[in-house]
Amino acid sequence: MNRLETIQNLKTQSFDILVIGGGATGSGIALDAATRGLKVALVERGDFASGTSSKSTKLIHGGVRYLELAVKQLDMGQIHLVKEALFERSLLLKLAPHMTRKLAIFTPLYQWTQIPYYMAGLKAYDLLAGKANLEKSRWVSSDEAQKRFPVLKSKGLKGGILYYDGQFDDARMNVSIALTAIEKGAFVANYVKVENLLKENEKLCGAKVTDVLGNETFEIKAKTIINAAGPYVDSIRKMAQSDVLPMLTVSSGVHLIIDRKFCPPDTGLLTPKTEDGRVLFMLPWLGATLVGTTDCPAEVRESPQPTQEEIDYLLRYINQSFEVKVGEHEILSSWAGLRPLVSNANFTNTASLSRDHVIEKSVSGLITITGGKWTTYRKMALDAVNEAVQSEKMEAGPSQTEKTFLVGGEKFQPTLPQELEKSFGLPPEVCRHLSRAYGDRAIRVAEIAQKGFREKLSPHHPYIEAEVIYTTRHEMAQTAIDVLARRLRLFFLDQTAAKKALPRVCQLMAQELDWDEAHTQQEEKRTF
Ligand code: FAD
């Protein structure tokens, strides 16, 4: 079913659940509900993952920092949440094996007194994971540390601890969840914005929405509405009840991308305490180095941008941790994401509250879910759908998401890159990238490449023309930025390279989507 057919269905059918927001949480809810046999619709006002869900640190983790806080506060509830997230980590590695991986993370220590503290903490992390543990954490001597990270500051280095977490491609995972939901029967559309909620006898019964690309407004009918709008949940809550108190404040988290030379391809770095007591990561990601993050009070806005202060802070950290200096001109890309933080004390006293994520049900029946983290999106989705099923007394089967592979994962084999190389003669780095990004669907991309679309979009990156065609046809990419930022990740990795690739991407999309000259030119002027 293409986007226009989906929109036709949204206009004419009525649904058990309407989900607002196509980030990790909303897409997870659509998938969960569809696997239970519920009739579910999802609308996203921009592209999937265009909000917070493409701007994370890309870690699938229980959170060593959360564990530290839990132990300090002797909070068993929090410890349980870390354990739960570690279980979710193991599920994600299993259900999306192509786009996730185990990553070693090294914590350098410069004082002897720090060693027992961090060693005990990371051993506790292993223990909590139980059977879901990825590999035992271990002590690493300063010699070995220097070998792994030749640019690490050597003065006073005592050694450090190596532990393991998961890593993933957040935006591609988000799109895969939405595509899997569609395969299970959900009606999912991007670029459809909720303008207002509809009520009958004081109870919500649907939403008034605008198809942003078609410039058309229509209504969607649904028994229950789930608000998964991330930092925007308060604006949706206000549509249900104009005088409702806000439940969120937001903070901004910035990441930078710098050259791959700062991290070996298989090991990241964690600084457990920066100058102001924050945790900072430097991680190898898609052939580059990702550094982040910050935590600064912010306003809710559509395209949050990193401030000079945040960039300076991250550069200062890099320059303190390494023997080499990195200047601002060496930043290949940077972005800011908004964390939704539940801050209203009244709200937390009265609502059904888990300390990780929060679910609220309003008098008119709006179910709002927020908080949590990417790693726990599946559990959040399950809890939200349980709430909807119970409050509407809907007939639904049990959730199947614990055993549902994400698109591309089911038939994926680690030998896929070699098979692609042999069958299609594509360069090894392109085959590795296609396998990681599309899993078992990589063969379809390679088949398109074979028909004359095998050129790279940028000389130093493995992305090829066939992907533009594939993601437009099969992954609901609607704009050139959808392709360059969230289906291919080039805009996140190297903004200059992405800008150079933009005209060719527009040309290929114009053929697929029948854009006229004016539309194509408008796309070429789009900014990130
Ligand atoms: P979003 O992704 O923001 O999705 C909400 C969607 O709702 C948006 O796409 C928006 O366009 C849409 N929307 C809003 N209003 C409307 C409307 N009126 N109509 C239709 N749609 C609408 N978690 C981890 O597990 N690991 C990490 O490494 C990690 N790192 C992080 C780093 C940073 C800097 C930040 C900020 C968060 C990080 N997280 C991490 C947390 C994780 O990214 C979030 O928990 C998750 O992405 C939230 O997803 P969401 O779907 O709730 O929100």
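Can you send over the carbon and sulfur percentage of the accessible area for the range 234-315, probe radius 1.4 Å, protein chains only?
Percent of accessible area from carbon and sulfur atoms in the range 234-315: 51.
For a quick check: with amide H placed at 1.01 Å from N, whose amide H comes under 5 Å from Ser14's, ignoring anything fewer than 5 positions away on the same chain?
Residues meeting the amide H criterion: none.
Per DSSP H run of at least 4 residues, take -39500 (n - 2.57); add these up for the chain, divide by its residues and hand me the 222 nm value, nearest 500 deg cm²/dmol. Intermediate results must be reported in sequence, preceding the final value.
Details: 18 runs with 202 residues, N = 528.
Helix contribution divided over all residues of the chain: -11500 deg cm²/dmol.
What is the local net charge at Gln8, summed over the other residues whose Cβ is closer than 13 Å to its Cβ (Lys, Arg +1; Asp, Glu -1)?
-1
Considering the Cα positions of the range 408-528, please state its Rg to one decimal place and its Dmax as a whole number of Å.
Rg then Dmax for the range 408-528, in Å: 14.0, 44.
Cα atoms only, the range 318-442: Rg and Dmax in Å?
Rg, Dmax (Cα atoms, Å): 22.5, 62.
After finding the eigenvalues of the alpha carbon gyration tensor for the range 1-87, what semi-axes result from the square roots of 5 times each, listed largest first in whole Å?
Equivalent ellipsoid semi-axes, largest first: 36, 16, 9 Å.
Rolling a 1.4 Å sphere over the protein heavy atoms, what is the accessible area per residue of the range 383-528, to the nearest Å²?
Dividing the accessible area of the range 383-528 by its residue count gives 49 Å².
In whole Hz, what ³J(HN,Hα) sequence does the range 97-110 give by Karplus (6.51, -1.76, 1.60; θ = phi - 60°), x for Gly and Pro?
x, 6, 10, 10, 7, 7, 10, 6, 10, 9, 10, x, 10, 10
Bin all alpha-carbon pair distances of the range 64-146 at 5 Å intervals from 0 and give each bin's fraction as a whole percent.
Each 5 Å bin holds this share of Cα pairs: 3, 13, 21, 22, 18, 13, 8, 2, 0.
Hull surface divided by four, with the convex hull built on the Cα atoms of the range 379-472: how many nm²?
Taking the Cα atoms of the range 379-472, their convex hull projects to 8.3 nm² on average.
Could I get the Rg over Rh figure for the chain? Both from C-alpha atoms, Rh via Kirkwood, rounded to two places. Walk me through the numbers before you get to the answer.
Numbers: Rg = 22.9 Å, Rh = 23.9 Å.
So for the chain, dividing Rg by the Kirkwood Rh gives 0.96.
Two decimals, Cα atoms only, Kirkwood Rh: what is Rg/Rh over the range 85-213? Mind showing how you got there, number by number?
Values: Rg = 23.1 Å, Rh = 18.9 Å.
Using Cα coordinates only, the ratio equals 1.22.
Sequence-distant or interchain residues sharing an amide H contact under 5 Å with Asn196, placed H: which?
For Asn196, the qualifying residues are Lys208.
May I ask you to give the percent of accessible area on the range 12-140 that is carbon plus sulfur, with a probe radius of 1.4 Å?
Here carbon and sulfur together make up 62 percent of the probe-accessible area.
Taking all protein chains together and a probe of 1.4 Å, list Met247, Met119 from the most accessible to the least accessible.
Result of the area sort, largest leading: Met119, Met247.
Among 132-138, 263-269, how do they line up from the highest to the lowest mean number of other beta-carbon atoms within 10 Å?
So the order, starting with the most tightly packed, is 263-269, 132-138.
For the range 113-177, report the % of Cα-Cα distances exceeding 17 Å.
Values: 1174 of 2080 pairs.
For the range 113-177, the fraction of Cα-Cα distances above 17 Å is 56 percent.
Give me the one-decimal nm value for the distance between modelled label points at Glu299 and Ser391, 7 Å along each residue's Cα-to-Cβ direction.
With each label placed 7 Å out from Cα toward Cβ, I get 3.1 nm.
Tell me, rounded to the nearest percent, the portion of alpha carbon pairs in the range 437-499 spaced more than 12 Å apart. Numbers along the way, then the final one.
Details: 1280 of 1953 pairs.
When all Cα pairs of the range 437-499 are counted, 66 percent exceed 12 Å.
Read phi for every residue in the range 20-34 and hand back ³J(HN,Hα) as whole Hz from Karplus 6.51 cos²θ - 1.76 cosθ + 1.60, θ = phi - 60°, with x for Gly and Pro.
The phi angles translate into 9, x, x, x, 4, 5, x, 5, x, 5, 4, 5, 4, 5, 5 Hz.
Near Arg138, within a Cβ-to-Cβ distance under 12 Å, what is the net charge of the other residues, with Lys and Arg +1 and Asp and Glu -1?
Net charge in that neighbourhood comes out at -1.
The values are calculated or read from the model by the stated rules, or taken from the named source; none is laboratory data. Remember, it's a predicted structure, so these values are computed and weren't measured experimentally. Here Cβ is always computed from backbone atoms with ideal geometry, including for glycine, and neighbour counts include all displayed protein chains. Quick note on the areas: whole protein, heavy atoms, side chains included, nothing else; ligands and nucleic acids left out. Shrake-Rupley method; radii C 1.70, N 1.55, O 1.52, S 1.80 Å.
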